[in-house]
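Read the structure below first, then the notes.
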Amino acid sequence: MKKKIFLALLSFSYPLLQGCYPGWQTVKIEPSVVNQPCVLQGKMEVCKSVDSNCEIWFKKRATKVDANTISIETYDEVSFGRYYNCQPGFPPYKKLRFSKEDYTQGSNTVTGQAFLRQRGGGVVTCAGNTVIMYPNNLYFLAKRNGSPEVEINDESSFMEKSTQCDATGNFEFSNIQNGEWVIETTVGWDVPEIIRIGYYYSIHTNRQGGLMRKEITVRSNEKNRFIISNTSE
């Protein structure tokens, strides 16, 4: 089963951009194309660039799918771009709607554990923290990021699950349908830091760790246990 940890998301950087991209400079970037005369082109793509050149990367990629407009949203320093061909006379692009067609079967139990291993060898878990689970699709990604392109409804809210890590960092969800999902939680700890200010010293805390996110596939008649960590499973 193929599993991905959020920190291992495929990254693209500006030096990888090669070849000819005619007209890429004229590609527009819009926060939303809802109710604009646009047609969705190609697939959503992901960019995490240390050079902050994701906009250029998306513009050049747009020329490969005959798009002249891009809608970009950023989630935890990772940018998600969608490509559109927007022309007068096209039908207005409507808000994203939730469809549960891919999540209509199965009543599975999903279990797991979330932890981070410190450099010194210590282990910190998500004990006491909230764990959420939601379908891994464009609708929920946009919804959780507060996108204006999302149509909110009660049916989609029902698909968002929440539980809590126990004292050892374990969690469990019940009645989960087959399909692609995302699990998110936080693992963090404070590191004391002594700062000198003139003749005085001050003790501050430096927060370590943070959000952990994993994409999973849930299937009937399988174990459906997932480890979210910075170590190999």
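Only residues that are at pLDDT 75 or above and not in a loop (DSSP other than H, G, I, E, B): list them for segment 195-206, please.
Within segment 195-206, Ile195, Arg196, Ile197, Tyr200, Tyr201, Ser202, Ile203 meet the criteria.
Let's see how each residue does on (1) among the basic types (Lys, Arg); (2) outside any loop (DSSP other than H, G, I, E, B):
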site	(1), (2)
Ser174	no, yes
Glu193	no, yes
Arg213	yes, yes
Ser220	no, no
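Looking only at segment 118-172, count how many residues are in contact with a Gly (Cβ under 7 Å, 6 or more places away or on another chain) and of a type in the set (Ser, Thr, Tyr).
1
Can we say Gly179 is modelled with pLDDT under 95 and at positive phi?
Yes: the conditions hold for Gly179.
Out of everything in segment 157-172 that is assigned to a strand (DSSP E or B) and of a type outside the set (Val, Ile, Thr), what residue ends up being surrounded by the most Cβ atoms within 10 Å (Cβ to Cβ)?
Applying the filter and picking the extreme gives Phe171.
Test Pro135 against the stated conditions and say whether it is in contact with a helix residue (DSSP H, G or I) (Cβ under 7 Å, 6 or more places away or on another chain) and either aromatic (Phe, Trp, Tyr) or in contact (Cβ under 8 Å) with a residue 40 or more places away in the chain (or both).
Against the criterion (in contact with a helix residue (DSSP H, G or I) (Cβ under 7 Å, 6 or more places away or on another chain) and either aromatic (Phe, Trp, Tyr) or in contact (Cβ under 8 Å) with a residue 40 or more places away in the chain (or both)), Pro135 qualifies.
Residues checked against (1) over 19 Å from Glu215 (Cβ atoms); (2) at pLDDT below 95; (3) of a type in the set (Phe, Trp, Tyr):
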position	(1), (2), (3)
Lys95	yes, yes, no
Asp102	no, yes, no
Leu116	no, yes, no
Asn137	no, yes, no
Ala142	no, yes, no
Glu149	yes, yes, no
Ser162	no, no, no
Gly169	yes, no, no
Asn175	yes, yes, no
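Looking for whichever is on the phi > 0 side of the Ramachandran plot, open to solvent by less than 70 Å² (accessible area, probe 1.4 Å), touching a residue at least 24 places away in the same chain (Cβ under 8 Å) and part of a strand (DSSP E or B) here; the options are Gly188, Gly209. Which one fits?
Being on the phi > 0 side of the Ramachandran plot, open to solvent by less than 70 Å² (accessible area, probe 1.4 Å), touching a residue at least 24 places away in the same chain (Cβ under 8 Å) and part of a strand (DSSP E or B) holds for just one of Gly188, Gly209, which is Gly209.
List, please: which pairs have Cβ atoms under 7 Å, are six or more places apart or on different chains, and start with a residue in segment 64-87 that is farther than 19 Å from Asn53 by Cα and end with one that is of a type in the set (A, V, I, L, M) and open to solvent by 40 Å² or more (accessible area, probe 1.4 Å)?
Partner pairs satisfying both residue conditions: Tyr84/Val39; Tyr84/Leu40; Asn85/Val39.
Go through (1) in contact (Cβ under 8 Å) with a residue 60 or more places away in the chain; (2) within 17 Å of Glu101 (Cβ to Cβ) one by one and return the number of the condition Glu172 breaks.
The number of the failed condition is (2).
The values are calculated or read from the model by the stated rules, or taken from the named source; none is laboratory data. What you see is a predicted model, and the numbers here were worked out from it, not measured in a lab. For neighbour counting, all protein chains shown are included, and Cβ atoms are generated from backbone atoms with ideal geometry for every residue, glycine included. Side chains included, ligands, DNA and RNA excluded: accessible areas come from the protein's heavy atoms. Shrake-Rupley method; radii C 1.70, N 1.55, O 1.52, S 1.80 Å.
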